[in-house]
Amino acid sequence: MTPNSPDSLAATVPDGALLALPPDNSLPSVALARALVRRGAKRLRLLGVPVSGFATDLLIGAGCVAEIQTSAASLGEAGFAPRFSAALKAGSITLRDATCPAIHSMLQAAEKGIPFMALRGIIGSDILANRPDWKVVPNPMGDGVSDPIVLLPALSPDVALIHGVMADEAGNIWVGRRRELATVAHASKRVLATVERMVKGDMLEDEKLAPGCISGTYIEAVAVAERGAWPVALLDEYGFDAAHVAEYARMAKTEAGFAEYLDRYVLTQQAQAAE
Amino acid sequence: MDMTIKLEERLAATLARLILDPAAPPARHIAVGAASPIPAAACWLVKKQGHPVRLSLLHKRTGNPFSEGSRELFDLTGQGRIDLFFLGGGQIDGQANLNLVGTGEWPGKSVRFPGSFGSAYMYFMTPRTILFREEHSARVLVQKVDNISAPGVSEPGVFRRGTAQALVTGKCVFAFHPDRARFSLASIHPGETVDSIRAATGFDFDVADDVPQTPDPTEAELALLRGPICDEMLETYPEFCARVFDRKLAA
């Protein structure tokens, strides 16, 4: 059997899929985002869990994205996300703004298999005014007329892309304390994961490792991609490559510069072989 | 010790004094979000001065305070376990409405900012919020924000634990009065006047007859900021520490 690669996993993501991506500080699989660019994915609908970073900007710049739902998009210390901003200005993507706990709550509703979750706050924000799918009702556990509260529909992504530290022979992946990844894995129809390395055995048999695992129940396929979160950080494994992200931010200011970035770091044989 | 005070040091010390304001609800647990080195320095200053406060720094890559993922911050805040949070905005108006989405028509057709993050929730659910924006200009401090990420005050009957306590900028400190949804000038940083603040501010605010100057950080505060606080911040904010404290993480 040929082992999986980021490119073989990316080949299974259909155009138009609703794709959940964690932000730069929470184990996104940038390797899979690069593989989706190489496969020329189209009309993807991205979900920032709960915000969006480098991988999202890369996919937007490469023309893979039709829609995005997120609570914010940025490159952190390197500033605004340039291709996200440009696509928004050009009208080539549809943006649905949210707020972080709303995205967590919508995924938690899907995780529990219930139609909605309630969330405090938000009332009086223009986010709500632009979300016809979010409803305000009087607290049904109160007197039934006062105490307005927001209801958010369950949200089940088609595919979640995450990068774990390691995977074992039982198909479990280890993500440490970033438990929002477990929520998105539970809520998504499919999870495709890249990892730094494979380990023997079953991590769920190890009391110290088990709490940082996502059970293989939820994981469809795993591919090894060393430094698969690069240029963003991976827990205590490696830091954020600020110089590279600053270089990206500079190049991606223009479409031509972005194309050059793709040629140099995403589309070449070496870039593919390195994944 | 070099007693030349950098603006960042003055702002950190000013924020620390607001955190310790005895008139405000107690700050036992403070959370600090992304890209907030000056508020983070202020919180460390409070802690290193010996005040019992728990600091949860959201963007700590190693040793992150949350073991249930980033959702845990919002769950804690929902229960009222986070006492104080810092927010800013691309635009902030005279009623303390925050705009983090952008200018022009929704969702920021003119200039898009990154987005609202958790502001539409945190602003309601935290007993107090300190607003911080170093740039003090009529572009940022506007009469009315173009889009509301998070409202400064809410209608009666809408669940809300607190509002802004104050707005700290590179020029002054404003106090916020939720009863009348207005700011008043609380103190002016050195080099500024009431007139220079008015000229740089797009919204109306109240001014008392005698507005004090923002006090300088003390020698002890400066020593803490430049020493042990810089040590704590080097991993998360390397560029800030290099620029302000002239210190780099050992390779």
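Each value in this text was obtained by applying a stated rule to the coordinates, not by laboratory testing. Fair warning: this is a prediction, and the values are worked out from it, not measured in the lab. All Cβ positions, even for glycine, are placed from backbone atoms using ideal geometry, and neighbour counts span all protein chains on display.
How large is the helix-only mean residue ellipticity at 222 nm for chain A, computed as the sum of -39500 (n - 2.57) over DSSP H runs with n ≥ 4, divided by its residue count, in deg cm²/dmol to the nearest 500?
Rounded to the nearest 500, it is -8500 deg cm²/dmol.
For segment A:4-133, what is the percent of antiparallel DSSP beta bridges, rounded to the nearest 5?
In segment A:4-133, approximately 5 percent of DSSP beta bridges are antiparallel ones.
How about A:LYS112: which lysines have a C-alpha closer than 23 Å to its C-alpha, ignoring those fewer than 8 places off in the same chain?
A:LYS135, A:LYS189
Based on DSSP, what percent of beta bridges with both residues in chain B are antiparallel, to the nearest 5?
Here the share of antiparallel DSSP bridges comes out near 40 percent.
What average count of beta carbons from other chains do you get within 10 Å of the Cβ of residues in A:167-175?
Taking all residues of A:167-175 together, the mean is 0.
When Cβ neighbours within 10 Å are restricted to other protein chains, what is their mean count per residue of peptide B:68-80?
That works out to 6 on average.
Could you state the number of Å between the C-alpha centres of segment A:43-84 and segment B:13-56?
32
So if R0 is 25 Å, what FRET efficiency would B:GLU134 and B:GLN213 give, r being the distance between their Cβ atoms, rounded to the nearest 0.05?
Once the sixth-power term is evaluated, E becomes 0.85.
Taking 7 Å along the Cα-to-C-beta vector as the label spot, tell me the B:ALA220-A:GLU247 distance in nanometres, rounded to one decimal.
Each label point is offset 7 Å from its Cα along the Cβ direction, giving 4.8 nm.
Read phi for every residue in segment A:224-232 and hand back ³J(HN,Hα) as whole Hz from Karplus 6.51 cos²θ - 1.76 cosθ + 1.60, θ = phi - 60°, with x for Gly and Pro.
Running phi through 6.51 cos²θ - 1.76 cosθ + 1.60 with θ = phi - 60° gives 7, 9, 5, 6, x, 8, 3, x, 8 Hz.
Antiparallel versus total DSSP beta bridges in the protein assembly as shown: what percent is that, nearest 5?
35
Could you give the length gained on full extension between B:THR4 and B:ARG81, defined as 0.36 nm per residue of separation minus the Cα-Cα distance, in nm?
23.9 nm is the gain from fully extending B:THR4 to B:ARG81.
How high is the relative contact order of chain B, given as a whole-number percent (alpha carbon pairs under 8 Å, six or more residues apart)?
Contact order relative to length: 19 percent.
Across the residues of B:3-12, average count of Cβ atoms on other protein chains within 10 Å?
0
Once every DSSP H run of n ≥ 4 in chain B is given -39500 (n - 2.57) and the sum is divided by its residues, what mean residue ellipticity at 222 nm do you get, rounded to the nearest 500 deg cm²/dmol?
Here the helix-only value at 222 nm equals -7000 deg cm²/dmol.
Taking the Cα centre of the protein assembly as shown as origin, work out the dipole magnitude from +1 charges on Lys and Arg Cβ and -1 charges on Asp and Glu Cβ, in debye rounded to 20.
640
For B:LYS109, which lysines qualify as cross-link partners when the Cα separation must be under 23 Å and same-chain residues fewer than eight apart are set aside?
A:LYS89, A:LYS253, B:LYS144
For B:VAL111 and A:THR2, what is the calculated FRET efficiency with R₀ set at 51 Å and r taken between the beta-carbons, to the nearest 0.05?
0.60
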